[in-house]
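Down below is the structure, laid out as structure tokens.
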């Protein structure tokens, strides 16, 4: 069986190509933008901050009581599992070390 060589190129991505004749863009000014005093003080106003916190807290979708109970049970079960796992590994490692060095 003779292998036929294909005359078409393999269809695979070759990355981004730059348009011929195009030059890369360069930022005109790399200096940071200066803000006026009102903008700077507006972001540090404690009253505005509290208002924004209250507005964001109203957007939060709070879990129901049932969801909280289920999540708490899942976390506690996972905690018990992890404690048992660490205890088991620690106990087996201790027994292994004692077997090695007490002989």
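No value in this document is a laboratory result; all are computed from the given coordinates. Remember, predicted model here, so these are calculated numbers, not experimental data. All Cβ positions, glycine included, derive from the backbone under ideal geometry; neighbour counts span all protein chains shown.
Miscellaneous remarks
- Residues in the range 62-98 that are exposed (fewer than 10 other Cβ atoms within 10 Å of the Cβ) and over 27 Å from the mean Cα position of the chain (by Cα): 2 in all.
- The single condition among (1) surrounded by 10 or more Cβ atoms within 10 Å (Cβ to Cβ); (2) part of a helix (DSSP H, G or I) that residue 58 does not satisfy is (1).
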